[in-house]
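Just below is one structure, and these are the notes that go with it.
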Amino acid sequence: MLSGVLLCRGKILNTLPHRRITLQLQTRMRAARQFVQRRNPLSGIMEWFAEETDYDYCREIARSSYADMLHDTERNKMYYKAIKLAVQEMHERGKKAKVLDIGTGTGLLSMMAASAGAEQITAIEVFAPMARVARQITKKNGFGFINVINKHSTEVEMGKDMKEKANILVTELFDTELIGEGALVAYHHAHQNLMEEESISVPHSASTYVQLVESKVMHSWHVLNPIKIQHDNGKEDTIEPDPDMKDCPGVPAVHDIQLSQIKRDQFKEITGAVKVFQFDWNSKDLSPTPSKRIVKTKASSGMAQVLLSWWTLNMDTKGDILLSTAPYWFHPTPDTMQWRDHWMQSVYFLPRAFKVDKGCDIFIAANHDAYSMWFDASTHETKEMISDRVEHPVCDYLPRMLWSRPRLAMLNDESRNKCIVDVLKTVDFSLENHTTVCVSDVSLLPLFVGCFSKNRIYSLESNRIAQRGIQNLVSHNRLSDKVTVLNVDSHEKYELPINQSVNLLIGEPFFNKSLLPWFDLEFWHVRSALNTFLSPDARIVPAKATLHLVAVEFEDLYKIRAPIGNVEGFDVSIMDEMIDEAMETEDYHEPEPHALWEYPNKLLSSPQSVCEFDFTKPISTDDIDVSGYIQLLPDAGETCHGVVLWMEYELNKDNVLSTGLAKNSTWNMNYKQGVFFLRKPVDVTGGQNIKYEIWFIPQTNAIRLKFAVE
């Protein structure tokens, strides 16, 4: 039997897949072993890795950001206060307080209910290691009578798992989109099967809000803009998106970010905050069936492009306890906002942007099904809006689905594009039969080169859908006489349909399957596989790459890895002990990807290059290992929380593409950086340094890291 669990933005999910999946194969076999699914850094494919039989998936919890929820002081206090009121109200009715806690995790909310005087508590947790931890924590805190059930809530049976129905429902099944973890399904099932008629839910209700804005920055995450290429002779070329790319509404999935890190000058308000949905968690009529609402509001002048969204929870029946995930410009207490990473804000993109005049009406169509939301807007009620049908939009142009939002922002980056153009201006394309090969995924490089070269250009794409998308762009921009788009399935061997030698091998480098910055070193493998096709004086762009690192102090992000200890008077240190033990079994330190522009931080050392990769030569068969020290600067900050790593690619001596720090010491918004969190933060004023050891293993494209405070 296969049982799955999902770790996402600090949450352990048991419903729809989002980002990171771990699976346990429970089949008993001779010399039985357990298997974990992880991404291969070379192939980009999720593969099975065998673990010892005593592997109990505590490491997977350790790798998640689960602690972030428990560091959410506002959430904890509001839940505790609302639970006390619910237990009190049930006692005032002359009834026992019988609590059902769905998705108990560490058992925190159940212990709050027990402390508040609840007589009967059933805690449900689908993930077996967490259910085990919940039993240990509740027992340690003196609440051994809490019944922890290791099942999905929809599998709980009355009479078998629960002796009688509950009358207080306590849940924390919410994600950034509110309903993405299956809250509607869980509430519906619980009210229909596990709860008494006159029950109380904590939280009591929720409201979802949207705001329509104009934003060049955020809109660049959704569309491919025309790209201007200036030649030295004054000529200008334009790379245009093809009609299929332009007309496709794009992937409708939510884009979750720390919206408060978007600067006010990076967007213009078209509408104010508009309430679009109200969910009564206490209602037996609550249903996961698809639903639609149309809301009319007034507009300011501008381009309606992007919808921002957040939600609020009314924790108690009277509405006195309000938990808000609004960004700071709409937050009820902006000066004391609680930082959290498990609940952020949502960004949705309109299928079509449109211009509006000040004072005109705007109609917002809000839709949801059991797990997701989607929106549209117009200056009038369209046929689709007023239709009774609620259909989830689909991206009907498959190549469009390969262009992730950060990737689109990357391709729309004017400074990045200028850097590439400046390098191409230094290439001598006048040679007879000059041949160029472009190596990157869903890349515009062949179109860039086509604006300079009159000779043959080959673009290598990793799958046939990508091949189709780039070929359509090539045809639309009238470059088919120059550019041939080839599909290649493996970096290990290439068969190019060419007789002449390759004069220019160019990459961004970028590969869709890359998770950490150095995964794009696959370019080196491709360059090596193509070695026999290269002319003796072939130019390789980029010529080299360097791995960089810097020590940092985070304003808040460190909390996702910080020990928990005590929460609202309850000892959950067993969780910390489990994580410590799991992390100590790792031979190497595992960094994780984070988009650091979303997380304020201070640099505590000088950024330094620690490892160089020479692309002008085939990849080495020997491991590359380096070591050294990060010197912490005592005047830069107070506490070192970790080390950030990124790659820089030297296109030529004057043009370097950085996936991390830019020249103005800001983090590149189009990439995720690699972050290693120190388990024990370092006092910068103590004069300590951090020793690093780095091994690059060419055969697997993996980088192994070790850090030690000295």
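Could you tell me what percent of the accessible area of the chain is made up of carbon and sulfur, with a 1.4 Å probe and every protein chain present?
Values: 14410 of 30220 Å².
Carbon with sulfur: 48 percent of the solvent-accessible area.
Under a crude label model (7 Å from the Cα following the beta-carbon direction), how far is Val217 from Lys163 in nanometres?
Label at Val217, label at Lys163, 5.7 nm between them.
Can you compute the FRET efficiency between Phe429 and Arg464 using 1/(1 + (r/R0)^6), with r the Cβ-Cβ distance and R0 = 30 Å? Round to the nearest 0.05.
0.55
When only DSSP loop residues count, what trypsin sites (Lys or Arg not before Pro) in segment 636-710 have their Cβ near at most 11 other Cβ atoms within 10 Å? Kindly include the intermediate steps, with their values, before the conclusion.
Details: sites: Lys653, Lys663, Lys672, Arg679, Lys691, Arg704, Lys706; in loops: Lys653, Lys663, Lys672.
Here the sparse-neighbourhood loop sites are Lys653, Lys663.
Quick one: which of 200-211, 406-417, 383-394, 366-377 comes out on top by average Cβ neighbours within 10 Å, and what's the full order, highest first?
200-211, 366-377, 406-417, 383-394
For every other residue with a beta carbon closer than 10 angstrom to the beta carbon of Asn193, add +1 if it is Lys or Arg and -1 if Asp or Glu, then tell me the sum. Before the final figure, lay out the partial values.
Numbers: positive: Lys165; negative: Glu157.
Charge balance in the 10 Å sphere: 0.
I'd like the FRET efficiency for Leu496 and Met401, computed as 1/(1 + (r/R0)^6) with the beta carbon distance as r and R0 of 45 Å, rounded to 0.05. Write down the numbers at each step before the final one.
On the way: r = 27 Å, r/R0 = 0.61.
Rounded to the nearest 0.05, the efficiency is 0.95.
I need the per residue convex hull volume for segment 215-303, using only the alpha carbons, in cubic angstrom as a whole number.
Details: hull volume 17.2 nm³, N = 89.
Hull volume over Cα atoms, normalised by residue count, gives 194 Å³.
Strictly over 26 Å apart at the Cα level, which of Lys296/Lys318; Lys263/Lys663; Lys246/Lys513; Lys653/Lys691; Lys275/Lys383 would you flag in this model?
Over 26 Å apart, Cα to Cα: Lys296/Lys318; Lys653/Lys691.
Quote the convex hull volume per residue of segment 257-413, based on C-alpha atoms, as a whole number of Å³.
161
For helix 183-193, what angle does its Cα long axis make with the longest principal axis of the chain, in degrees from 0 to 90 and rounded to 10?
Rounded to the nearest ten degrees, it is 30.
Might you tell me the accessible area per residue for segment 219-367, computed with a 1.4 Å probe and given in Å²? Let's see the in-between values first.
Values: 6490 Å² over 149 residues.
Value for segment 219-367: 44 Å² per residue.
Can you give the angle from 0 to 90° between the axis of helix 73-92 and the longest principal axis of the chain, with both taken from C-alpha atoms, to the nearest 10?
30
Take peptides 561-571, 77-87 and line them up by average Cβ neighbours within 10 Å, highest first, as a rough protection proxy. Spell out each step's value before the answer.
Numbers: 561-571: 16.9, 77-87: 22.0.
Top of the packing list down: 77-87, 561-571.
Out of residues 5 or more away from Ala702 or on other chains, whose amide H comes under 5 Å of its own, with H placed 1.01 Å from N in the peptide plane?
Ile697
Net charge near Pro542, counting Lys/Arg +1 and Asp/Glu -1 over other residues with Cβ under 14 Å of its Cβ? Don't jump to the answer; show the numbers that get you there.
On the way: positive: Arg416, Arg527, Arg539, Lys544, Lys617, Lys653; negative: Asp422, Glu508, Asp520, Glu522, Glu612, Asp614, Glu648, Glu650, Asp654.
Here the charged neighbours net out to -3.
Give me the log10 of I(q) over I(0) for the chain at q = 0.05, 0.12 Å⁻¹, as the Debye formula computes it from C-alpha points; what are the numbers?
Ignoring solvent entirely, the Cα scatterers give -0.27, -1.45.
Quick one: of the DSSP bridges fully inside the chain, what percent are antiparallel, nearest 5? Working shown, then result.
On the way: 114 of 147 bridges.
Roughly 80 percent of the beta bridges in the chain run antiparallel, per DSSP.
So, for segment 615-687, what is the accessible surface per residue at a probe of 1.4 Å, expressed in square angstrom? Walk me through the numbers on the way to the answer.
Working: 3740 Å² over 73 residues.
Dividing the accessible area of segment 615-687 by its residue count gives 51 Å².
Based on the alpha-carbon gyration tensor of segment 105-208, what equivalent-ellipsoid semi-axes (square roots of 5 times the eigenvalues) come out, in whole Å, largest first? If you can, show how the numbers build up before the last one.
Values: eigenvalues 86, 52, 42 Å².
Working from the Cα gyration tensor, I get semi-axes of 21, 16, 14 Å.
Taking the highest mean first, how do the peptides 183-191, 247-255 order by number of other beta carbon atoms within 10 angstrom per residue?
In descending order of packing, they fall as 183-191, 247-255.
In segment 477-609, what percentage of the DSSP-assigned beta bridges are antiparallel, given to the nearest 5? The partial results should precede the final answer.
Details: 7 of 11 bridges.
Percentage antiparallel, nearest 5: 65.
For Ala636 paired with Gln192, estimate the spin-label separation in nm (one decimal), with each label point 7 Å from Cα along the Cα-to-Cβ line.
Result for the modelled spin labels: 5.7 nm.
If you find the alpha carbon centre of segment 453-525 and of segment 82-130, how far apart are they in angstrom?
Here the answer is 57 Å between Cα centres.
Give me the distance in nm between label points sitting 7 Å out from Cα along the Cα-to-Cβ direction at Ser387 and Asp361, one decimal.
2.2
Where does helix 414-424 land angle-wise versus the long Cα axis of the chain, in degrees 0 to 90, nearest 10?
30
The values are calculated or read from the model by the stated rules, or taken from the named source; none is laboratory data. Remember, predicted model here, so these are calculated numbers, not experimental data. Using ideal geometry, Cβ is built from the backbone for each residue, glycine included, and neighbour counts are taken over all protein chains shown. Surface areas here come from the heavy atoms of the whole protein model, side chains and all, with no ligands, DNA or RNA. Shrake-Rupley method; radii C 1.70, N 1.55, O 1.52, S 1.80 Å.
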